[in-house]
Amino acid sequence: TSIPVTKMSESALGLEAFLATAILLLYTLIGHSIEVHRITWIHESGVAILLGIFAGGIMYYAADTVIRFNDAAFFYFILPPIIFAAGYNLKKRSFFRNIGTITAYGVIGTVITCTIITAIASLLSSWHWIIAGARGSVDLYVTLRPIDCMFLAAVLSSTDTVAALSLVKEDQHPKLNSIVFGEGVVNDAISILLFRTIDNYVGAKPTDSLNLDYSATGMIFLQFVYLTVASLAIGIVMGLVSSRLLKITPSLKEHPWKETSIIFLVGYMSYIIAELLDLSGIMTLFFCGVTIGHYGFYNISEKARQTTSISFNSISHVAEAFLFAYLGLTVYAYGGQDWAFGFIFLMILAIMIARGVSLISMNLFYYFATCRRVRAKFSEVAVVWFSGLIRGAIAFALILQIPSAHYRGVLVTTTLGICLVTTLFFGAAMPAFIRIVGMKSDCSDIPSSYVPLLSDQHENDQDHTYESLDENGHAHNGLVDSSVRTRADSATTKLHGRWRQFDDRYLKPFFGGSESDNPENRSEISSNGTPVQSRMNEQPLYRSFSAQIGSLNGPGVHPRTISMESFQPPNQNNERGSLMD
């Protein structure tokens, strides 16, 4: 009897492999059609989920097979290529110009969101408003513990900005695009850090109660800071080690595939180290990719530069498609008794409220901190708010890692339901929402509140134009005028200049880097092979991930446009943008 069982297992595995390959192929073709024909009523991520649900139904009803989401496989094999591609191909100049806003939204805003969701979930539980599906003939009233509410809030604080990034185009809204992309990456990392911090703190506590006094809150904060700093340090150190290794072994330039392998393996090793230490692998891997892209990229051959960009983006594309399809395949793994549809709806409302409060508080703080000289535009803030309502696979993978919880099935199905509903419906509603709030497709239409934190506003930067307000309150384009530059802007400009000097004098000679940091000498290679100064109207050849966390359309990613006819490598002076350019 063992032989038939083996044959059935092999048959089921073959069916799974065939369906997975078919889903990825259909996702690529349908996604291309959506982009070419400008279809707005459905997003690519929604297509992947629907394909997964359809394929899961075939396996469930035809082969009596159920696929369960494997969080370990997700964190170790599916997520790393997406995050590394986003960091390695990051358009660093845009990212670090907006690092202040990205940090405020991604770090402080995520903490505020987590706190509000925790409070709302606790209230709903105390009011007995959480009712799961019928077990027999009796409805199940679920009472969540404070620990469960904190875990659920940390999970639901993780956003997925794929749909927003595909609509907020870089050539139309460069600064807003960079902020949405950057916030998505930072938000995912902070959400995981919050989850790990809560998990580490309550691990030694009694499971029936959790008393949060001032000392406990302080310990959680200190542990959160430690995890953040440690994750950043490991990523940067591993990136520097890889860059130095590539610089001292010029013979590797004769073997581009070896250079590509070294870059990817070092990045993956940094991720594994962070995960083994219970740190944020996302943050470690992302900044490892950023560091290698800033230093190591200029130590490799021209063929390796092209190979790494194309291959990392291609692998990221496949991983992203499989990620969303995986969510759809998992639907059939949970019984009806664990679904609390009313609670799903209420938690979506809680996410909307928490997201709104965090954004409003951050913008009000910035408004008063800059002496009311700059203000955010409603349409831009509304788009940032709506893009942060979508939840994706990271949230679902995290909820599966809860060590022990009462009504764990309810927490898992609630998170899965929120991921499916927000991705399918909010992602599809994104184009209509952009039209309702009246956001214009104008590359100069950038919110004045997004004043660059680390930009050298004296240099002749042609990458982006910013909208600011003069002393009379009138909007105008161009760099921020000196009359409205605050003391904080002046201080950060000096800080940026000192960093550039230190980087050029000490770090780049040792680790490698661009051959020219003169803004007037920075150029890109256009599709016809001629250098161009501005990247504003450049169309990316390959699509890349962004955010939640990212997507292969990822606007925060630096596209290197090359001629496919001659496939000639870009010249040596091709500049990707300095780390804090």
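The values are calculated or read from the model by the stated rules, or taken from the named source; none is laboratory data. Predicted model only: the values in this text are computed from it and were never measured. We place every Cβ from the backbone using ideal geometry, glycine too, and count neighbours over all the protein chains shown. These area figures cover heavy atoms from the full protein model, side chains too; ligands, DNA and RNA do not enter into them. Shrake-Rupley method; radii C 1.70, N 1.55, O 1.52, S 1.80 Å.
Among the residues of the range 30-79, those identified as exposed (fewer than 15 other Cβ atoms within 10 Å of the Cβ), within 24 Å of the chain's Cα centre (by Cα) and in a helix (DSSP H, G or I) are His32, Glu35, Ala72, Ala73, Phe77.
Yes or no: the range 201-209 includes at least one residue that is assigned to a helix (DSSP H, G or I), among the aromatic types (Phe, Trp, Tyr) and either under 14 Å from Tyr295 (Cα atoms) or modelled with pLDDT of 90 or more (or both).
Checked against the condition, which is being assigned to a helix (DSSP H, G or I), among the aromatic types (Phe, Trp, Tyr) and either under 14 Å from Tyr295 (Cα atoms) or modelled with pLDDT of 90 or more (or both), the range 201-209 yields no hits at all.
Residue count for the range 324-347, restricted to those that are within 16 Å of Thr118 (Cβ to Cβ) and either open to solvent by 10 Å² or more (accessible area, probe 1.4 Å) or out of contact with any strand residue (DSSP E or B) (no Cβ under 8 Å at 6 or more places or on another chain) (or both): 2. Scan the range 95-112 for residues that are in a helix (DSSP H, G or I) and open to solvent by less than 10 Å² (accessible area, probe 1.4 Å) and the total you get is 6. Scan Ala154, Ala119 and give me the residue that is open to solvent by less than 10 Å² (accessible area, probe 1.4 Å), modelled with pLDDT of 85 or more, aliphatic (A, V, I, L, M) and not in a loop (DSSP other than H, G, I, E, B). Every option except Ala154 fails the conditions.
For the criterion of being surrounded by fewer than 24 Cβ atoms within 10 Å (Cβ to Cβ), closer than 23 Å to His294 by Cα and basic (Lys, Arg), Lys169 fails.
When you scan the range 166-189, do you find a residue that is acidic (Asp, Glu) and at pLDDT 85 or above, even just one? Break it down into steps so the answer makes sense when it comes.
The first filter runs over the range 166-189 and keeps only residues acidic (Asp, Glu), leaving 170-171, 183, 188.
If we keep only those that are at pLDDT 85 or above as well, we get 183, 188.
Yes: the range 166-189 contains one or more residues that are acidic (Asp, Glu) and at pLDDT 85 or above.
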